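Single-structure report; data block below.
The values are calculated or read from the model by the stated rules, or taken from the named source; none is laboratory data. Note that the coordinates shown come from a computational prediction; the quantities given were computed from them, not determined experimentally. Every residue, glycine among them, receives a Cβ derived from its backbone with ideal geometry; neighbour counts consider all protein chains shown.
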Amino acid sequence: MAAKKILMLVGDYVEDYEVMVPFQALQMVGHTVHVVCPDKKAGEKVRTAVHDFEGDRTYSEKPGHNFTLNADFDEVEAEAYDALVVPGGRAPEYIRLNEKVLDITRHFAEANKPIAAICHGLQVLAAAGVLEGKSCTAYPACGPDVTMAGGLYAHIPVDEAMVDGNLVTAPAWPAHPRWLAEFLKLLGTRIEHPEMAAV
């Protein structure tokens, strides 16, 4: 398996698990992951938020970790990357206002490179106009964004993921095992589980 170079688009108050877990897991299997935020450079931090499901009509929000960026947004050349990850949280609602964020997103869609978006991350894809005719999911509150952008929104269990061509989406972080597994398939990453030797 050839290691891939993956770009992750984040901003302040990105969902803590949705940046931390993919960042670590994708590196664990040998990929390079560059995490960038508009108007910030490598070594600077974004604040994260922990969103939880505690029986209310919507998620609760608590302070998360500070996440250190490892690449400069202004220096990103989308053509140099093999795949894109867009986490959720509150960041997507404001980073989608950045035209370069939208241009980067369009590059991956037009080049048919793997894109993994989760939760509110679909707001970025909707704003970039890359969901037309795509079956996908998101946090339910983002369903109207998907539909208005021409996507085919599907309500699925919070721990499931769905794939349509180069796009893998999920409702929220409880879907990480399925979402990341499907993304790794799109990347061509193969993880083998050899039979355990008899004791």
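If the condition is being closer than 17 Å to THR58 by Cα and under 16 Å from the mean Cα position of the chain (by Cα), then the stretch 144-169 contributes VAL158, ASP159. Residues considered: ASN98, ASN112, ASN166. Of these, the only one that is at positive phi and either in contact with a Pro (Cβ under 6 Å, 6 or more places away or on another chain) or modelled with pLDDT of 95 or more (or both) is ASN112.
From the list TYR153, TYR139, TYR94, the lone residue that is hydroxyl-bearing (Ser, Thr, Tyr) and within 17 Å of VAL35 (Cβ to Cβ) is TYR94.
So which residues in the stretch 116-151 are without any contact (Cβ under 8 Å) to a residue 60 or more places away in the chain, touching a helix residue (DSSP H, G or I) at 6+ places or on another chain (Cβ under 8 Å) and small (Gly, Ala, Ser)? Matches in the stretch 116-151: ALA117, ALA126, ALA127, ALA128, GLY129, ALA138, ALA149, GLY151. Scanning the stretch 3-36 for residues that are in a helix (DSSP H, G or I) and of a type in the set (S, T, N, Q), we see that the one that is nearest to ALA172 (Cα to Cα) is GLN24.
Suppose we keep only residues that are out of contact with any helix residue (DSSP H, G or I) (no Cβ under 8 Å at 6 or more places or on another chain) and not hydrophobic (A, V, I, L, M, F, W, C) within the stretch 27-42. Which one would you say is surrounded by the fewest Cβ atoms within 10 Å (Cβ to Cβ)?
First, pick out the residues of the stretch 27-42 that are out of contact with any helix residue (DSSP H, G or I) (no Cβ under 8 Å at 6 or more places or on another chain): 27-28, 30, 32, 34, 42.
From what is left, the residues that are not hydrophobic (A, V, I, L, M, F, W, C) are 27, 30, 32, 34.
Working: GLN27: 13, GLY30: 11, THR32: 15, HIS34: 19.
Here the answer is GLY30.
Scanning the stretch 161-199 for residues that are closer than 14 Å to SER135 by Cα, part of a loop (DSSP other than H, G, I, E, B) and not small (Gly, Ala, Ser) yields ASN166, PRO171. For the stretch 39-63, a tally of residues being in a loop (DSSP other than H, G, I, E, B) and of a type in the set (Ser, Thr, Tyr) returns 2.
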